[in-house]
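The values are calculated or read from the model by the stated rules, or taken from the named source; none is laboratory data. Note that this is a predicted model, so its numbers are computed, not measured. Because the Cβ atoms are built from the backbone with ideal geometry, glycine has one as well, and the counts that use them run over all protein chains shown. Surface accessibility is based on the protein's heavy atoms, side chains included, excluding ligands, DNA and RNA. Shrake-Rupley method; radii C 1.70, N 1.55, O 1.52, S 1.80 Å.
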Amino acid sequence: MARWHSCNVFDPQPGRRRLWQFSVDKGLPASIRDQSLGPDEPPPARRVARDWHMLFHRRLNLAWLPPENVFLRVVQLPAVNLAETTNMVELQLEKLSPLPVGQILWTLEVFPTRGESEELQTVIVVIVPRQTIEAYLGGLERQGYIADRLDLPFLDQLIATEPTADGAWIYPEPSAEPGNRRALVAWWYGGRLRNLALLRVPNSDQATDILRNELHQMAWAGDIEGWLTSSPRWHVVADEATAAEWVPLLSTVTEQQIDVIPPRPSEELAALSAERAVKADTATNLVPAEYVARYRQQYVDGLWMRGVGAVIALYMLGVLAYFGALQVLEYQHDQLRSQVAGLSQTYTNAIRNEARLGVLEERQRLKYGALQCWEAVARLLPTDAVLDDFRFQNGERLALRGTAPPGSEAALTDFNEALSKYTVDGHLLFTRVAPRFTTDARMLRWDFDCTLSEGEFQ
């Protein structure tokens with residue numbers, strides 16, 4: 001399971017365009033922000049873009065799929081793991097799908113078992129025409145939203161509803177297109193979800209007849225399959241405005257009482273979708289594999305281009321800084337040369353002689369100090385260690401670098417302690433010895449940074 005840092009849920013449907021952003025901690029989403037978008041307003045790029053921040057904080061972009069052109073099938077399968085369940089559904093695809101298997105994309109959702117038997121599990125198979133998914137992803141791309149997963153919000157509404165009795169549970173869509181009402185009908189019997197169907201009722205004089213015929217066909221199919229064991233009780237999961245439209249319509253079809261149940265709000269459905277998405281298996285995804293590969297390649301290419309652009313910009317800044325510093329140094333050099341030219345020849349000779357004398361004296365002192373350091377290293381260096389670099393710097397510091405076989409840390413530590421205690425004429429040669437070790441599979445690399453004591457050779 002991928003470890004996600006955040007999750008975006010985007011509903012691009014006209015009239016309800018909305019973006020939710022969640023942070024993810026241990027697989028549980030927590031709401032960060034909720035933003036409504038205008039009809040032509042794209043999602044904010046800083047929140048949904050696939051940039052270099054995703055290298056350190058992985059973000060999941062989830063988009064809600066509209067219910068039209070979606071086919072739902074409910075099957076009862078043996079209770080096995082997800083991989084075996086996926087294989088069993090795949091073997092039945094030709095029977096479940098209304099379209100040829102090569103023209104569809106599908107996913108599944110294992111529904112929580114609420115019946116007594118635990119030997120079977122309820123699986124909802126979601127089937128969508130491939131061309132519908134490709135057109136939908138193209139629309140999202142034009143808005144700057146690259147979707148990692150597609151989901152159906154009414155699945156979370158369905159899972160969140162606790163059925164209290166056998167019968168039909170109707171989930172109307174509140175934002176259906178004018179003149180065309182849609183609803184999801186879920187049939188519960190024996191504590192199990194038996195059937196799912198998308199109901200379409202146009203605004204016309206034949207609306208009652210169409211609704212009656214479709215519901216009777218669903219009930220007749222359940223009677224044939226054997227799960228419809230009694231007259232259904234009717235439930236409508238909708239808000240007050242939507243229920244006021246659907247309850248009178250259903251009352252013309254049945255004389256039974258129709259129960260109205262408040263639905264889960266959109267922000268809660270978005271949180272449930274995000275939770276399912278971050279825990280879902282990436283193999284069961286409605287986004288085609290070739291789109292996933294293309295999105296990943298575009299992301300990698302974008303990182304490379306941004307990296308190359310940043311390197312070029314830094315290089316140009318470095319070149320400009322170099323030429324600027326060069327001009328400053330040339331100006332300072334000319335100034336110094338003018339000052340030197342103004343001094344008298346006598347003063348110049350005196351300075352030169354003094355400098356020569358100082359160089360000779362300094363050379364003598366440094367030579368003595370270097371010999372003392374060399375003697376100390378030659379006496380104390382472990383036999384297995386190899387000295388690669390010996391740098392005596394200005395009579396103040398000594399830099400030692402070398403290699404040793406793996407496992408020589410103890411000997412080099414002793415070498416470090418011995419250098420720290422080494423004395424010349426009763427005085428410590430070094431006031432500080434700072435070791436550093438780097439180990440790889442073949443050798444141990446070591447270097448010591450030593451500070452010399454103040455003495456006659458400094």
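Within region 110-131, track down each residue that is open to solvent by less than 40 Å² (accessible area, probe 1.4 Å) and either at pLDDT below 90 or among the β-branched types (Val, Ile, Thr) (or both).
First pass over region 110-131, keeping only residues open to solvent by less than 40 Å² (accessible area, probe 1.4 Å): 111, 115, 121-129.
Those that are open to solvent by less than 40 Å² (accessible area, probe 1.4 Å) and either at pLDDT below 90 or among the β-branched types (Val, Ile, Thr) (or both): 111, 115, 121, 122, 123, 124, 125, 126, 127, 128.
Can you tell me which residues in region 243-257 are out of contact with any helix residue (DSSP H, G or I) (no Cβ under 6 Å at 6 or more places or on another chain) and open to solvent by 30 Å² or more (accessible area, probe 1.4 Å)?
Those that are out of contact with any helix residue (DSSP H, G or I) (no Cβ under 6 Å at 6 or more places or on another chain) and open to solvent by 30 Å² or more (accessible area, probe 1.4 Å): 244, 245, 247, 248, 251, 255, 256, 257.
Is there any pair linking a residue in region 351-366 that is in a helix (DSSP H, G or I) to one that is of a type in the set (A, V, I, L, M, F, W, C), with Cβ under 6 Å and at least six apart or on different chains, and which?
Here the result reads 365/457, each pair linking region 351-366 to a residue that is of a type in the set (A, V, I, L, M, F, W, C).
Yes or no: residue 182 of a type in the set (Lys, Arg), touching a strand residue (DSSP E or B) at 6+ places or on another chain (Cβ under 6 Å), over 25 Å from residue 248 (Cβ atoms) and outside any loop (DSSP other than H, G, I, E, B)? Steps first, please.
Numbers: of a type in the set (Lys, Arg): yes; touching a strand residue (DSSP E or B) at 6+ places or on another chain (Cβ under 6 Å): yes; over 25 Å from residue 248 (Cβ atoms): no; outside any loop (DSSP other than H, G, I, E, B): yes.
In short, no.
Results for (1) touching a Cys at 6+ places or on another chain (Cβ under 6 Å); (2) open to solvent by less than 30 Å² (accessible area, probe 1.4 Å), shown as yes or no for each residue.
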| site | (1), (2) |
| --- | --- |
| 379 | no, no |
| 383 | no, no |
| 387 | no, no |
| 415 | no, yes |
| 433 | yes, yes |
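Which ones in region 311-337 are among the charged types (D, E, K, R) and open to solvent by less than 100 Å² (accessible area, probe 1.4 Å)? Explain how you work it out, then say what you get.
Here is the first cut: in region 311-337, the residues among the charged types (D, E, K, R) are 330, 334, 337.
Within region 311-337, 330, 334 meet the criteria.
Going through 403, 413 one at a time, which residue ends up being more than 17 Å from residue 375 (Cα to Cα), at pLDDT 90 or above and of a type in the set (Ser, Thr, Tyr)? Don't jump to the end; show me each part of the working.
Values: 413 fails: at pLDDT 90 or above.
Testing whether each residue is more than 17 Å from residue 375 (Cα to Cα), at pLDDT 90 or above and of a type in the set (Ser, Thr, Tyr) leaves just 403.
Among what's in region 274-323 and is among the small types (Gly, Ala, Ser) and touching a Cys at 6+ places or on another chain (Cβ under 9 Å), pick the residue that is modelled with the highest pLDDT. If you could, list the steps in order and put the result at the bottom.
Within region 274-323, the subset among the small types (Gly, Ala, Ser) is 274, 277, 280, 283, 289, 293, 302, 307, 309-310, 313, 318, 321.
So of that shortlist, the ones also touching a Cys at 6+ places or on another chain (Cβ under 9 Å) come out as 274, 277.
Details: 274: 89, 277: 86.
The qualifying residue modelled with the highest pLDDT is 274.
Can you pull out every residue in region 85-106 that is surrounded by 12 or more Cβ atoms within 10 Å (Cβ to Cβ) and acidic (Asp, Glu)?
Within region 85-106, just 90 meets the criteria.
Residue-wise test of (1) among the basic types (Lys, Arg); (2) more than 30 Å from residue 106 (Cβ to Cβ); (3) surrounded by fewer than 18 Cβ atoms within 10 Å (Cβ to Cβ).
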{"residue": "224", "(1), (2), (3)": "no, no, yes"}
{"residue": "228", "(1), (2), (3)": "no, no, no"}
{"residue": "237", "(1), (2), (3)": "no, no, no"}
{"residue": "241", "(1), (2), (3)": "no, yes, yes"}
{"residue": "259", "(1), (2), (3)": "no, yes, yes"}
{"residue": "265", "(1), (2), (3)": "no, no, yes"}
{"residue": "278", "(1), (2), (3)": "no, no, no"}
{"residue": "287", "(1), (2), (3)": "no, no, no"}
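For (1) among the basic types (Lys, Arg); (2) part of a strand (DSSP E or B); (3) within 14 Å of the chain's Cα centre (by Cα); (4) surrounded by fewer than 19 Cβ atoms within 10 Å (Cβ to Cβ), each residue gets a yes or a no:
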{"position": "16", "(1), (2), (3), (4)": "yes, no, no, yes"}
{"position": "34", "(1), (2), (3), (4)": "no, yes, no, yes"}
{"position": "40", "(1), (2), (3), (4)": "no, no, no, yes"}
{"position": "62", "(1), (2), (3), (4)": "no, yes, yes, no"}
